[in-house]
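Structure record follows, encoded as structure tokens.
Values in this text are rule-based calculations from the coordinates and carry no lab data. In this text the structure is predicted, and so the values were computed from the model without any measurement. Cβ sites come from the backbone with ideal geometry, for glycine too, and all protein chains shown count toward neighbours.
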Amino acid sequence: MSSYDVVICGAGIAGVAAADALTARGASVLLVDERPPLSLTSDKSSECYRNWWPGPDNAMVALMNRSIDLIDALAHETQNAIALNRRGYLYVTTDPAQTAQLQHAGETAAALGAGPLRTHVRPDTYTPSIAHGFDGQPDGADLILDRATLRRFFPCLADAAVAALHVRRCGWLSAQQLGMILLERACSRSARLLRARVEAVEVTDGRVSAVWIDNQRIATGAFVNAAGPFLRRVGRMVGVDLPVFSERHLKVAFEDHLGIIPRDAPLLICADPQAIAWTDDERAMLADDPEAQSLLDVLPAGAHCRPEGGTGSTWVIALWAYDAAPVEETFPLPAAPYFFDVTLRGLTRIIPALEAYIHRPPRPTIDGGYYTKTRENRPLIGPAGPRGSFVMGAFSGYGIMAACGAADVLAAYLSGEALPAWAAAFHPARYDDPAYRALLDTWNDTGQL
């Protein structure tokens, strides 16, 4: 077939979700990627999801709520083949001064539509999450201010923990299963997956007319840039310089043979900035390494971990974005010799038993990819460039959770359906508005974890 209604560049989670949404509306779709589907960045994440996002408006919460609705529906349709759970995110602080910030975050999120904030000062008012499944669980968040409640429901936490915010419409799933179900569903309709490289986009009279792939001309009236970390590079094919950059983010998996992290735990997140308690010898070693000297500074909040795997598994995955400087995308990723040690030490602030692994560490498996993002960490979804050219990307580590909702918006643009009011917050043309550019200068919280 030498013509398609839509050609999508990129077969990560964004591209396959777009193919699914477009074929559901009757479009013929060619999905093009030089790599296997879901293999570059989509399988590097923590596979988590949340509707917990900052303002200044409700657009991110609305997008995620819509996306989670679609994920829930798919889980119901497939008897939860995607292993979706709703264990939540648990933000933990050992600093009494942080308690007010957790409360403010809960109140703000509630005002934006993430669900109500419930405050607990004794154990009998708090309902823990279930280990498996997702039905019948509350939304919003539970602010736990009682140490007895923390000890009872989260015994792995430090005695120094003074408060925790349990965000409820959150959890994780099998990203590979989600992606493959979306891809198989799209291909069962009118999508074709092609292992190839997009070489050029042909524009005639200001409109997309064809895409060149391996010296072959494919006629099309619509081109979607869903190229993940290559978003900016592909954008230049249609004469658009997309306002994105990339950060390198890593994750580590290790066997918790001591059983320190409960197998039914939520995502456990340290809400405190911290300076690592290095020994004098360690400090001297880090000071001599120009690439490691920043590890001597106060590092940001956000070290987090969760149990990984099904029944019988002892694996844990952990992440900490303590180095989020913009970088060029290079593959394979450079080595990260300190990442496991630093992340493990950061987590001991809220889970002190992990100290047992510092001097006798299990063998880690370190993986990662690039978080391609906009300045304010909101995605680009909509028309960009000549007529018929669209972008769906800049999902900085949240592509798994956002893809279904974003694809729904993208498909609405292409099919002429009515758009939700919040879709404008993700339109690439938002940067043309002087008021929006001024707002960027005061943007404090991007929601990056």
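Under 5 Å from the amide H of Leu380 lie the amide H atoms of Gly393, Ala394, each residue being 5 or more positions distant or on a separate chain, with H modelled from the backbone and absent for Pro and chain starts.
Between Ala336 and Asp159, the simple spin-label model (points 7 angstrom out along Cα→Cβ) gives 3.4 nm. Near Phe254: Cβ cut-off under 13 Å, other residues only, Lys/Arg at +1 and Asp/Glu at -1. The net charge is -1. Debye-formula intensities of the range 230-340, expressed as log10 I(q)/I(0) at q = 0.13, 0.17 Å⁻¹, are -0.71, -1.01 (one equal scatterer per alpha-carbon, no solvent). Taking the Cα atoms only, what angle lies between the long axis of helix 99-112 and the longest principal axis of the chain, rounded to 10 degrees? Tilt of helix 99-112: around 30 degrees.
Near the amide H of Val201, within less than 5 Å, lie the amide hydrogens of Trp212, all on another chain or at least 5 residues away, with H placed in the peptide plane.
Extension gain for the segment Ala111 to Asp69, taken as residue separation times 0.36 nm less the Cα-Cα distance, is 13.2 nm to one decimal. Between the residues Gln79, Ala226, Val252, the greatest Cα displacement towards the positive end of the dipole of the chain, with unit charges on the Cβ of Lys, Arg, Asp and Glu, is found for Gln79. Taking each DSSP H run with n ≥ 4 as -39500 (n - 2.57) and averaging over every residue of the chain yields -7500 deg cm²/dmol at 222 nm.
Each of the peptides 291-304, 385-398 was scored by the mean count of other Cβ atoms within 10 Å over its residues; in descending order, highest first, they stand as 385-398, 291-304.
Of all beta bridges that DSSP places with both ends in the chain, some 65 percent have antiparallel geometry. Dipole magnitude for the chain: about 880 debye, using +1 per Lys or Arg Cβ and -1 per Asp or Glu Cβ, origin at the Cα centre. Principal-axis analysis of the Cα atoms of the chain puts helix 13-24 at an angle of about 50° to the longest axis. Projected over all directions and averaged, the alpha-carbon convex hull of the range 32-121 occupies 8.9 nm².
Scaled against the 2.2 N^0.38 Å expected of a compact globular protein of N residues, the Cα radius of gyration of the range 78-204 reads 1.50. You can think of it this way: the chain between Asp432 and Thr204 has 79.6 nm of extra reach, that is 0.36 nm per residue less the Cα-Cα gap.
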